[in-house]
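The values are calculated or read from the model by the stated rules, or taken from the named source; none is laboratory data. None of these values were measured; they are calculated from a predicted model. Methodologically, a virtual Cβ is constructed for each residue, glycine included, from the backbone with ideal geometry; neighbour enumeration extends over all protein chains shown.
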Amino acid sequence: MDDKDREIIRLLQGDFPLTPEPYRAIGDKLWLDEMSVISRIAKLIQTGVIRHFGPFFDSRKLGYTGALIAMEVPEHKLEDVIDLVNSYDEITHNYLRDGKPNMWFTVIARDAARRDQILDEIRANSGIQDILVFPSRRLFKVRVDLD
Amino acid sequence: MAEMSIKERNLLKELEGGFKLERSPFKRIARELGYTENEVIETIKKFRDSGVIRRIGIAVRPERIGQSSNALVIWEVPADRVEEVGAVMAARQEISHCYDRETPIGWTGNLFTMVHAKEEAHLTNILNELTEATGLHPVKILRTVRELKKTSMRYFTQEEDES
């Protein structure tokens with residue numbers, strides 16, 4: 001990754017140009033031609049630096065409900081529970097953390113009933129009854145480039 | 001729930017799949033979905049202005065840009081200080097997410113922050129500065145051990161649609 005790549009990343013963390021030739025518009029700001037911008041972005045996607053490239057929707061404006069969930073998973077069940085939890089499309093982020101509880105994930109569901117259904121299935125299939133639900137009360141910040 | 005036509009849903013579904021790297025993306029989309037190029041651009045702007053689209057651009061993997069000591073840090077903040085402390089946390093460049101959350105009975109800590117640091121010593125420094133600024137100590141510091149899943153939610157694309 002060189003300075004031009006970093007500049008492209010910085011620009012794409014702001015707003016993508018909504019013009020007929022957006023890559024040309026980006027290139028004009030960085031003294032790069034259109035095809036260089038496209039090939040650099042392709043490489044950043046290919047190497048995994050860029051995880052997603054496109055619009056980010058506001059789940060609440062689309063009527064969805066989100067919550068952070070935590071559960072303590074014993075070592076011997078870990079890989080099975082990871083597969084189980086990760087199998088839901090509505091669970092978009094999942095992290096193993098040090099301390100207790102050790103597994104933290106986010107659920108975005110079309111309503112609370114669907115969220116509770118997912119959590120009931122996870123309880124039934126993991127044998128872990130104690131699942132902690134933390135619905136958001138007030139959002140102070142979601143930093144755009146890391147969401 | 002935001003109102004939208006089937007044609008608009010189809011456009012959002014196309015965009016949800018991620019941008020393809022092509023010189024005139026909106027012209028190709030317009031041709032495929034029965035819009036003009038200008039209508040595609042104006043419709044995207046409409047959803048962006050109404051907030052249905054929060055932003056258009058990229059998400060990066062933090063560990064690939066040199067942030068390796070990441071932690072979920074939880075603070076116990078009394079209701080009458082949540083606005084003040086939340087604003088202090090949100091202003092920090094190293095904090096990517098800050099939420100006040102409802103908590104289950106018996107749980108301590110309502111303000112959830114994601115802190116991204118270069119290394120352990122940097123994380124300690126950030127937390128010390130936050131303690132100095134707010135008078136509060138973290139009640140839990142849960143470092144990221146392993147990223148198990150990180151995807152973007154699909155709102156318009158059902159699994160059976162994916163080819």
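Out of segment B:16-46, which residues are at pLDDT below 95 and under 13 Å from A:Phe57 (Cα atoms)?
B:Glu16, B:Gly17, B:Gly18
Of the residues A:Ile69, A:Ile45, A:Ile26, A:Ile50, which is of a type in the set (A, V, I, L, M, F, W, C), touching a residue at least 24 places away in the same chain (Cβ under 8 Å), surrounded by 15 or more Cβ atoms within 10 Å (Cβ to Cβ) and under 22 Å from A:Met1 (Cβ atoms)?
On the way: A:Ile69 fails: under 22 Å from A:Met1 (Cβ atoms); A:Ile45 fails: touching a residue at least 24 places away in the same chain (Cβ under 8 Å); A:Ile26 fails: touching a residue at least 24 places away in the same chain (Cβ under 8 Å).
Only one candidate qualifies: A:Ile50.
Identify all residues within segment B:8-39 that are in a helix (DSSP H, G or I), at the interface with another protein chain (Cβ under 8 Å from one of its Cβ atoms) and either touching an Asp or Glu at 6+ places or on another chain (Cβ under 7 Å) or within 12 Å of A:Gly54 (Cβ to Cβ) (or both); write none if there are none.
B:Leu12, B:Leu15, B:Glu16, B:Pro25, B:Phe26, B:Lys27
Could you list, in sequence order, the residues of segment B:17-46 that are within 21 Å of A:Ile26 (Cα to Cα), touching a strand residue (DSSP E or B) at 6+ places or on another chain (Cβ under 9 Å) and touching a residue at least 12 places away in the same chain (Cβ under 8 Å)?
Across segment B:17-46, the qualifying residue is only B:Ile44.
Go through (1) outside any strand (DSSP E or B); (2) more than 10 Å from chain B (Cβ to nearest Cβ) one by one and return the number of the condition A:Ile69 breaks.
(1)
What residue, of A:Asp15, A:Asp83, is over 30 Å from B:Thr36 (Cβ atoms) and not in a strand (DSSP E or B)?
A:Asp83
Would you confirm, using the coordinates I've provided, whether A:Leu84 is under 20 Å from the mean Cα position of the chain (by Cα), facing chain B (nearest Cβ under 9 Å) and not basic (Lys, Arg)?
Working: under 20 Å from the mean Cα position of the chain (by Cα): yes; facing chain B (nearest Cβ under 9 Å): no; not basic (Lys, Arg): yes.
So A:Leu84 does not fit the description; no.
Could you please give the count of residues in segment A:88-113 that are without any contact (Cβ under 8 Å) to a residue 40 or more places away in the chain and more than 10 Å from chain B (Cβ to nearest Cβ)?
The total comes to 1.
Could you check B:Thr108 against (1) in a strand (DSSP E or B); (2) surrounded by fewer than 18 Cβ atoms within 10 Å (Cβ to Cβ); (3) more than 7 Å from chain A (Cβ to nearest Cβ) and say which number it fails?
Status for B:Thr108: all satisfied but (1).
Here are some residues: A:Ile41, A:Ile45, A:Ile118. Which one is within 15 Å of B:Lys150 (Cβ to Cβ) and part of a helix (DSSP H, G or I)? Can you show your working first?
Values: A:Ile41 fails: within 15 Å of B:Lys150 (Cβ to Cβ); A:Ile118 fails: within 15 Å of B:Lys150 (Cβ to Cβ).
Exactly one residue qualifies, and that residue is A:Ile45.
How many residues, within segment B:131-147, are away from every other protein chain (no Cβ under 13 Å) and touching a Gly at 6+ places or on another chain (Cβ under 6 Å)?
The number of residues fulfilling the criteria is 0.
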